[in-house]
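The values are calculated or read from the model by the stated rules, or taken from the named source; none is laboratory data. What you are looking at is a predicted structure, and each value in this text was computed from that prediction instead of being measured. We place every Cβ from the backbone using ideal geometry, glycine too, and count neighbours over all the protein chains shown. For accessibility, only protein heavy atoms count, side chains too; no ligands or nucleic acids. Shrake-Rupley method; radii C 1.70, N 1.55, O 1.52, S 1.80 Å.
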Amino acid sequence: MNSRILTTTCALAMTASAAAADYSLTILHTNDFHARFEPISKYDSGCSAEDNAAGECFGGTARLVTAIADARARSNNSILVDGGDQFQGTLFYTYYKGAAAAEFMNKLGYDGMTVGNHEFDDGPEVLRGFMDAVEFPVLMSNADVSGEPLLADVLMKSTVIERGGEQIGMIGLTPENTDELASPGPGVVFSDPSAAVQAEVDKLTGMGVNKIIVLSHSGYGVDQVVAANTTGVDVIVGGHTNTLLGDDERAAGPYPTMVGDTAIVQAYAYGKFLGELNVTFDDDGNLIEASGAPILIDGNVVEDEATVARVAELAAPLDEIRNRVVAEAAAPIEGDRSVCRAMECAMGNLIADAMLDRVADQGIQIAFQNSGGIRASIDAGDVTMGEVLTVLPFQNTLSTYQVTGATMLEALENGVSQHADGSGRFPQVAGMRFSVDLEAEVGSRISDVTVGGEPIDPDAVYGVVSNNFVRNGGDGYAMFKTAMNAYDYGPDLADVTAEFIAANAPYQPYTDGRITMK
């Protein structure tokens with residue numbers, strides 16, 4: 001596939017006769033916004049009013065209002081779409097669920113969105129409420145929702161919109177393993193993305209639509225596979241992997257990434273960037289040019305005052321909780337997904353240590369945290385409850401249970417099984433140490449496992465604490481669903497973590513080699 005990935009601008013051969021009928025479109029796009037309605041810091045968490053006034057913050061809906069208006073003014077023909085995961089991430093979602101996202105997406109004038117896995121965090125009910133509130137189509141092609149009454153005949157696989165006198169087909173795509181990542185319920189059955197997209201492309205082309213955009217929350221790697229395995233897809237607007245594309249030194253690839261004749265884009269996450277892709281089609285609907293860049297939404301972008309006021313109004317009920325200083329950090333606590341989903345990280349150690357500390361007197365020896373549940377870093381200085389809740393927004397509770405050493409080894413293998421994809425199943429631990437060799441055979445990637453300083457015994461029974469999501473099979477940890485003596489209703493993980501930082505203030509973040517990457 002790599003040999004088919006081209007550079008930043010795709011300029012395919014076109015004839016002079018076709019040029020006269022060219023159709024140009026600007027595709028503005030966001031993804032993985034995660035309820036960051038307020039400006040964020042360089043750590044993707046809360047940013048103080050003082051820092052915002054000093055121009056040191058990024059994103060926020062008020063800046064997006066301005067940036068989107070400016071981008072629309074640069075084009076006589078544009079659409080605004082989203083790659084999923086508007087839900088979850090701050091107290092705004094905890095308090096308002098999908099209502100705040102619906103209000104601001106309507107204000108911004110979105111034309112379409114795909115369902116992300118986090119849109120299912122609170123089941124089909126909250127997703128349906130969001131869909132009823134928004135003024136644009138919400139799409140998902142690779143799932144059968146006929147068994148879920150709240151979504152059947154409402155959540156469409158694809159749609160057609162008109163812009164500049166031309167029809168544009170849009171197809172939604174969500175992670176095939178959403179049933180492991182969220183709570184869609186038994187009535188939603190997910191399927192292969194490539195086959196689902198091709199079926200909708202065939203339907204749309206049969207209707208005479210020859211410009212097709214996939215809104216995908218499947219990740220940068222899967223998007224490239226879908227592009228290679230399908231025909232008729234012109235653009236894939238992505239999400240899920242929080243991938244930055246373009247000229248930035250941190251970028252994972254060019255913007256757009258070309259696979260064959262398909263342009264793939266993504267714009268990191270949290271409203272820190274607005275994607276701006278300019279495409280041109282010939283009269284037959286062939287993509288003949290695709291170029292652009294993600295626009296950094298930094299302090300130079302002026303905030304829309306009416307939106308600032310509305311966000312502040314919605315924030316008022318949240319302020320008492322999130323502004324409460326609960327502890328102090330002696331140094332920044334690293335919780336970035338690029339670190340925590342790949343290796344031992346300081347935030348993972350903090351959370352796992354906090355869990356184990358809370359239940360050690362209950363005969364628990366191992367703490368186990370999925371890195372997908374770690375959503376941000378914390379900077380040095382005062383730590384507010386709002387910062388802790390940005391790191392741990394899911395309202396997970398502590399689960400305690402017992403498993404054999406063999407089951408724990410199986411869990412560790414699952415934890416590293418999608419390492420190359422940056423999967424959230426990578427484990428952060430306390431009370432145990434282990435080594436990872438990603439080049440070894442499947443089933444043999446984990447070694448040197450010790451619990452309490454002693455080699456793990458496959459036949460022995462160990463007490464484990466994790467969050468309730470992992471205990472109930474989330475992120476592929478199905479082996480924990482049948483654990484012995486399980487209790488899923490412990491204290492909230494965010495509260496446990498905040499209290500642990502406070503008890504050890506000023507908290508000094510650290511790593512100690514408990515996970516060795518060979």
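Between Tyr510 and Asp421, the distance separating the two model label sites (each 7 Å from Cα on the Cα→Cβ line) works out to 3.6 nm. Between amide H atoms placed 1.01 Å from N, distances below 5 Å from Ala331 occur with Gly381, all of them 5 or more places distant or on a separate chain. Determine the percent antiparallel among the DSSP beta bridges restricted to the chain, to the nearest 5. Percentage antiparallel, nearest 5: 65. Bridge orientation summary for region 201-284: considering DSSP beta bridges with both residues in this region, about 40 percent are antiparallel.
When the Kirkwood radius is taken over all Cα pairs of the chain, what Stokes-Einstein diffusion coefficient follows at 10 °C and 1.306 mPa s, in µm²/s? It diffuses with D of about 67 µm²/s by this estimate.
Under a 5 Å amide H cut-off, with hydrogens placed 1.01 Å from N, Leu139 pairs with Met113, Thr114, Val115 among residues at least 5 apart or on other chains. Compared with the dominant principal axis of the Cα atoms in the chain, helix 305-322 is inclined by about 10°. In sequence order, region 338-348 has phi-based couplings of 5, 9, 5, 8, 10, 6, 4, 9, 5, 5, x Hz under the Karplus curve 6.51 cos²θ - 1.76 cosθ + 1.60, θ = phi - 60°, and Gly or Pro positions carry x. Taking θ as phi - 60° and the Karplus parameters 6.51, -1.76 and 1.60, the scalar couplings of region 211-218 work out to 10, 10, 10, 9, 9, 10, 10, 9 Hz in sequence order, x denoting glycine and proline. Computing FRET efficiency as 1/(1 + (r/R0)^6) for Asp457 and Asn485, where r is the C-beta to C-beta distance and R0 is 25 Å, gives about 0.85. Measuring only protein heavy atoms, the 1.4 Å probe finds Glu413 accessible over about 30 Å². If the segment from Ala228 to Ala330 were pulled out straight at 0.36 nm per residue, it would be longer than the present Cα-Cα gap by 31.9 nm. The mean sequence separation of alpha-carbon pairs under 8 Å and at least six residues apart, normalised by the residue count of the chain, gives a relative contact order of 17 percent. Ratio of Rg to Rh for region 13-109, alpha carbon only, Kirkwood? My calculation puts Rg/Rh at 1.12.
Restricting attention to region 157-308, close to 65% of DSSP beta bridges with both partner residues there are antiparallel.
Cross-linked pairs Lys42/Lys97; Lys107/Lys272; Lys272/Lys481; Lys42/Lys518: Cα-Cα separations exceed 27 Å for Lys272/Lys481; Lys42/Lys518. Legend: residues Thr516, Thr243, sorted from most to least accessible area (1.4 Å probe; ligands, DNA and RNA excluded), read Thr516, Thr243.
Each part gets one Cα centre, and for region 498-515 versus region 390-428 those centres are 20 Å apart.
How would Arg74, Arg341, Arg163 line up by accessible area, probe 1.4 Å, largest first?
Arg74, Arg163, Arg341
The lysines whose alpha-carbon is closer than 18 Å to the alpha-carbon of Lys157, local same-chain residues fewer than 8 away aside, are Lys203, Lys211. Only DSSP H runs of four or more residues enter the estimate; each adds -39500 (n - 2.57), and after division by the residues of the chain the mean residue ellipticity at 222 nm equals -8000 deg cm²/dmol.
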